[in-house]
1. Please list, or write none, the lysines whose alpha carbon is within less than 21 Å of the alpha carbon of A:LYS90, excluding same-chain residues fewer than 8 places away.
2. In whole percent, what relative contact order does chain A give with Cα contacts below 8 Å and a gap of six or more residues?
3. DSSP loop (so not H, G, I, E, B), at most 10 other Cβ within 10 Å: list which chymotrypsin sites (Phe, Trp or Tyr not before Pro) in the stretch A:198-248 pass both filters.
4. Restricting attention to the stretch A:91-144, which chymotrypsin sites (Phe, Trp or Tyr not before Pro) occupy a DSSP loop and are surrounded by at most 10 other Cβ atoms within 10 Å?
5. Along each of its three principal axes, how wide is the spread of alpha-carbon positions in the stretch B:85-244, in whole angstrom units, largest first?
6. Quote the FRET efficiency, to the nearest 0.05, computed for B:ARG262 versus B:GLU119 with a Förster distance R0 of 45 Å and r equal to the Cβ-Cβ distance.
7. Take the Cα pairs of chain B, get the Kirkwood Rh, then feed it into Stokes-Einstein at 25 °C and 0.890 mPa s and tell me D in µm²/s.
8. In deg cm²/dmol and to the nearest 500, what is the mean residue ellipticity at 222 nm of chain A if only DSSP H runs of at least 4 residues count, each as -39500 (n - 2.57), divided by the residue total?
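Quick note: the coordinates plus some simple rules give every number you see, no bench work behind them. Predicted, not measured: the structure shown is a model, and the values here were computed from it. Here the Cβ positions follow ideal geometry from the backbone for every residue, glycine too, while neighbour counts run over all protein chains shown.
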Amino acid sequence: MSMVPARPTGEPRWLRWLLITLALLFLGLNLALPLAAVFVEGLRKGVAAYAAAITAPDALSALKLTLTVAAIAVPLNIVIGLAASWAIAKFDFRFKSVLVTLIDLPFSVSPVVSGLIYVLLFGLQGCFGAALREHDIQVIFAVPGLVLATIFITFPFVARELIPLMEEQGREEEEAALSLGASGLSTFWHVTLPNVRWGLLYGVLLCNARAMGEFGAVSVVSGHIRGRTNTLPLHIEILYNEYNFAAAFAVASLLAGLALVTLVLKSLLEWRFAGQLAGRGH
Amino acid sequence: MSVTATAVIKRFGGFTALDGISLAAREGEFLALLGPSGSGKTTLLRILAGLEFPDAGSISIGGIDMSDRPARDRQVGFVFQQYALFRHMTVADNIGFGLTVRPRATRPARAEIDRRVAELLELVQLPALGGRYPAQLSGGQRQRVALARALAVEPRLLLLDEPFGALDAKVRKDLRRWLRAVHDRTGLTSVFVTHDQEEALDLADRVVVMDHGRIEQIDTPEQVWERPATAFVCDFLGGANRVAAQAVGGQIDITGVRLSNRAPAMPDGPAKAFIRPHEFMLAAPGAAGIAVVLRRILRTGAQAALETEAGDGSVIEVSIAAPPDGLAPGAALVLVPQTVRAYPA
């Protein structure tokens, strides 16, 4: 064990090993172990019970609902997030800082409060409650409410990822494109968007993970109608509260599986486009 | 194509970047906008390009008013100091961009675009680098790609914003000679911004010296160097020593030495006089001239630079071919100015 660092900027070897071990230990205890526990607990009563839990009609309908909500909320947030960050990073206008603050709002407000806002707006006693009932439109305790709450909660992910990136890249490439005769739209399509695609992908993954996993806000607007308005996280809670631990963990492993699939997808994309990433220089 | 700016005013909040600028570049002319940072030269260039719009005044290119036209309609090539290459595109795609994004009706065929790109890569002397990404090029190579990209759309006017600002001294010099050669070959009217007086005087047909959003002088490099119109221009061109003087009967009196004024005539009274380092002769104490004490001798190649201190504590730089034998720091000398440019104080 040498006390002399190999490089002037390096730490002694023992310190490096100590820090790496500490980090791994921490990650193992806080991330790997709970994740493993979910799968182990789910399989405690055997594979048959596990299969039965995740193929139960209520579980399948919760899975379908979760995927539906994410499939609507994520694309919408991509479009809105891109538009917001484009406007903020590439243009100057009054009240820009107000817009930036509004984008952060969902992060600072408790999810339960976010859910309540929608109940107060669209619920029977809410502002638009009477009007909605007249036209026989149900928002709260139905899919539209779930989608609205999820969009609100997951809105900052794409924009927060893109604004600093776009601001760092500046406006010169766009100006160059304009001076070369490109229209605003083709400048966005050929210059701005490709420059932020990796940041965008990352934002989308975070957005998607949260959209599928959101509990608080969704719990308030859902009404917990089995087979109709239960998403996976809500279904897991119900199973758990009914002391059906094995089933709860089995469904939880399904949700964890979805998250893992997203991660693998991201790694695959990075691997596939490694050349382009290298060509970009950073 | 000729380009004209008439009474252009531009403000950013409370700051006046351009305060009534009028200038004209003739067809095929190479014009330099020279000034310190904050003088408004880059703002003027961006207004010519349509990347900014003036608060008042007008811009015309080829005799047609362009004041309200956005950048994409002006057919102006713009080269940025930091290159602004599209980082996710290859060099060839960068150069071909302006042609590729044209509407279908006016867009050349793919083969024609490729041919044009190859031709431009040849012109900027990078024929083998079409497949590289900008991050894989040196600064000088990137700037040449940026120039090729601007030329690809056959602009009517070429604008360059401190094109060599981010490059090292050797590359700068090579690239600026090369740029002048490209300009002479294409015959394109060009305007470039620089804060480096040597670059401006070396490269341009005419130099526009700017300060605080105003034009101080527009002239050929010889005229700007020989007859600076204002004290600012004379000072900014660099190197000149500033000494106190008096204008008397059309002549300039510097501590007893009387010289005719190389600058525009000024009324009698106190004057700001500028004397360049090579415009002094050395004399022994007692002669008429500026009495100084020698502080340091620096050999700079063929010349020697003497750093001297006058009685009032001001430092005067003198450049001579060879210092007299036995001259050492601490020696008392008299500097006799040979020429002077003086302006009202």
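1. Of all the lysines, those that pass the test against A:LYS90 - Cα under 21 Å, at least 8 places apart if same chain - are B:LYS10.
2. On the way: 304 pairs, mean separation 81.4, N = 282.
The value is 29 percent.
3. Numbers: sites: A:TRP198, A:TYR202, A:PHE215, A:TYR240, A:TYR243, A:PHE245; in loops: A:PHE215, A:TYR243.
Answer by residue number: A:TYR243.
4. Details: sites: A:PHE91, A:PHE93, A:PHE95, A:PHE107, A:TYR118, A:PHE122, A:PHE128, A:PHE141; in loops: A:PHE91, A:PHE93, A:PHE95, A:PHE128, A:PHE141.
When the chymotrypsin sites (Phe, Trp or Tyr not before Pro) of the stretch A:91-144 are filtered for loop state and at most 10 Cβ neighbours within 10 Å, A:PHE91, A:PHE93, A:PHE95 remain.
5. Principal extents (largest minus smallest coordinate, Cα): 66, 33, 27 Å.
6. Working: r = 48 Å, r/R0 = 1.07.
Efficiency at R0 = 45 Å is approximately 0.40.
7. Values: Rh = 22.7 Å.
D, rounded to a whole number, is 108 µm²/s.
8. Details: 15 runs with 206 residues, N = 282.
Rounded to the nearest 500, it is -23500 deg cm²/dmol.
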